[in-house]
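Enquirer: Here it is: the structure, laid out below.
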Amino acid sequence: MTLALAAYRFAISALAPLYQWHATRGLAADQQIERLGFHKTARQGVIWCQAPSVGELDVLAPLLSALREAGDVLITTHSTTGAQKAAAMSPLSALAPIDTPAAVAQFLRTWQPRIAIFTESDMPPVMMQALAAQNIPFALIAARASKTRARIPRSVTKLLGPAALITASTQAVAQELQGLGLRVDVVEDLKSQGAQSAVPPVWAKAVEKRPVWLAASTHPEDMETVIGAHERILRDHPDALLILAPRHMDAALDIPARLSTRKHSSDGAPDAQTEIFVMDALGQMAGLHAIAPVTYLGGGNGARGGHSPWEAARARNHVLTGPDTANNTAAFEQVPHQKVQGPEELAQRVIDLWEQPRPAPLSLSQGTATRDALLAVLAR
């Protein structure tokens, strides 16, 4: 065990009560026990997939059909937003256990997973060490660029050394991992493959003659740009509709009262007077892309590194984003897009793109390498 891993384990054990309180406060009773490794309706021998939140669940989507044929699939996430989406994806879902020795041990006793599959940059040290100690195979799939690997390379090598499978989202990430002495089995961008059926919602016909744009996966730091742009758009297009689909609901709280706003949860659908329609339900994004020919992706302001453009691109949308796309560089290299900064520029780009036809369909490879590699591990 490296010094960094030993320090982490000591700190997490010493501060376990505080960590537990912070991780469970505000949760429903069932969710609180899930964070401690328990579950009311657990099944043992599951294929366990861990995705921190909504974006990582998109990585798992192309794999689930094949995994279900191999056994019961449990999906866990860290966020309550992710938990809602996970529940829609699998009959077995839960909040992930906190990474303390007690919660990890209880989780493994409760579920006894056949394999653990972690996504992108999720690497809980206590859990990974426990899996290795109990000879439970684990995989890291769609690994992406990570500052942690640069800061503590020896610890990362120690954690990932026992992995049964490592896949990378890009060749650059694969080379980075190989530089640490790790074996990378597959290089494949799973987010480009997770296609959903773009079925417009039932209220789509009510807005089909209006100029519509979508602000998807927005965060609080995106709101000034998005709301400012829509106010600017309304000056020239008073019938314009902004569909706002925040990453988390706190990103949709700062909407000026002067704008006519309706929410999906309370009002169901926009009416003729609605200027901003807030989609506060999960599982609707593909249909929203089908309605709106222009998508502005949140996460590009501040320091989040942007969000994946694949879903918007598959829907043949014009893709706009903020200046920071560092977390999805490889995807943006393949997807036509425009970076904008500030409400004035965003408003002008949206108006300009309404005058253009929707982009041609993307030609995407539907690789199956990660799926086949995971099934091979399960077979062993």
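Enquirer: Distance in nm between label sites at Ala326 and Arg183, each 7 Å beyond Cα in the beta-carbon direction?
Expert: 3.3
Enquirer: Say we join alpha carbon atoms closer than 10 Å with springs in a Gaussian network model of the chain; which of Ser266, Ser146, Ser169 then has the biggest fluctuation?
Expert: Among Ser266, Ser146, Ser169, the largest mean-square fluctuation in the Gaussian network model of the chain belongs to Ser266.
Enquirer: Here's a follow-up. Between Ser146 and Ser260, what length in nm is gained on full extension when 0.36 nm per residue of separation is reduced by their alpha carbon distance?
Expert: In short, 36.9 nm is gained.
Enquirer: Provide the gained length on full extension for the span Glu344 to Asp271, in nm with one decimal, where the gain is 0.36 nm per separating residue minus the Cα-Cα distance.
Expert: 23.6 nm
Enquirer: OK, next. Does region 109-196 come out rounded, prolate or oblate by the C-alpha gyration tensor, with a ≥ b ≥ c the root eigenvalues, rounded set by a/c under 1.5 and, if not, prolate when a/b is larger than b/c and oblate if not?
Expert: oblate
Enquirer: Which shape class, rounded, prolate or oblate, goes with region 1-62 when its Cα gyration tensor gives a ≥ b ≥ c as root eigenvalues, a/c under 1.5 marks rounded, and past that a/b bigger than b/c marks prolate?
Expert: It is oblate, given that a/c is not under 1.5 and a/b is not larger than b/c.
Enquirer: Roughly how many percent of the accessible protein surface of region 105-168 is carbon and sulfur, given a 1.4 Å probe and a whole-percent answer?
Expert: Carbon-and-sulfur percentage of accessible area, whole number: 52.
Enquirer: Still on this structure, please answer the following. Between Glu275, Glu224, Glu333, where does the largest GNM mean-square fluctuation fall for the chain, given springs only between Cα atoms within less than 10 Å?
Expert: Between Glu275, Glu224, Glu333, it is Glu333 that shows the largest mean-square fluctuation.
Enquirer: Quick check: pseudo-label points 7 Å beyond the Cα along Cα→Cβ at Arg109 and Gln32, how many nm apart are they?
Expert: Each label point lies 7 Å from its Cα, and together they span 2.0 nm.
Enquirer: Still on this model: Between Ala88 and Arg235, what FRET efficiency comes out of the Förster formula 1/(1 + (r/R0)^6) with R0 = 45 Å and r the beta carbon distance, rounded to 0.05?
Expert: E between Arg235 and Ala88, to the nearest 0.05, is 0.70.
Enquirer: With springs only between Cα atoms under 10 Å apart, run a GNM on the chain and tell me which of Leu177, Leu259, Leu95 wobbles the most.
Expert: Checking each option, the largest mean-square fluctuation is seen for Leu259.
Enquirer: Work out the FRET efficiency for Ser13 and Asp372 from their Cβ-Cβ distance, taking R0 = 45 Å, and round it to the nearest 0.05.
Expert: The computed FRET efficiency comes out at 0.70.
Enquirer: Under 37 °C and 0.692 mPa s, how fast does region 202-332 diffuse according to Stokes-Einstein, given a Kirkwood radius computed over C-alpha pairs? Answer in µm²/s, whole number.
Expert: 223
Enquirer: Residue separation times 0.36 nm, minus the C-alpha to C-alpha distance between Ala360 and Gln171: what's the value?
Expert: In short, 65.4 nm is gained.
Enquirer: What number results when the radius of gyration of the chain, computed over Cα atoms, is divided by 2.2 N^0.38 Å?
Expert: That ratio works out to 1.03.
Enquirer: Beyond a 25 Å Cα-Cα separation, which of these cross-linked pairs lie in this structure: Lys209/Lys339; Lys205/Lys263; Lys40/Lys85?
Expert: Table pairs above 25 Å Cα-Cα are Lys209/Lys339.
Enquirer: Quick one: if the Förster radius is 22 Å, what FRET efficiency do Arg43 and Thr80 give, using the C-beta to C-beta distance and rounding to 0.05?
Expert: The calculated FRET efficiency here is 0.45.
Enquirer: Could you work out [θ]222 nm for the chain from helices alone, using -39500 (n - 2.57) per DSSP H run of at least four and dividing by all its residues? Round to the nearest 500 deg cm²/dmol.
Expert: Calculated mean residue ellipticity at 222 nm is -11000 deg cm²/dmol.
The values are calculated or read from the model by the stated rules, or taken from the named source; none is laboratory data. Since this is a predicted model, take the numbers as computed values, not measurements. Methodologically, a virtual Cβ is constructed for each residue, glycine included, from the backbone with ideal geometry; neighbour enumeration extends over all protein chains shown. Heavy atoms of the whole protein, side chains included, go into the accessibility calculation; ligands, DNA and RNA do not. Shrake-Rupley method; radii C 1.70, N 1.55, O 1.52, S 1.80 Å.
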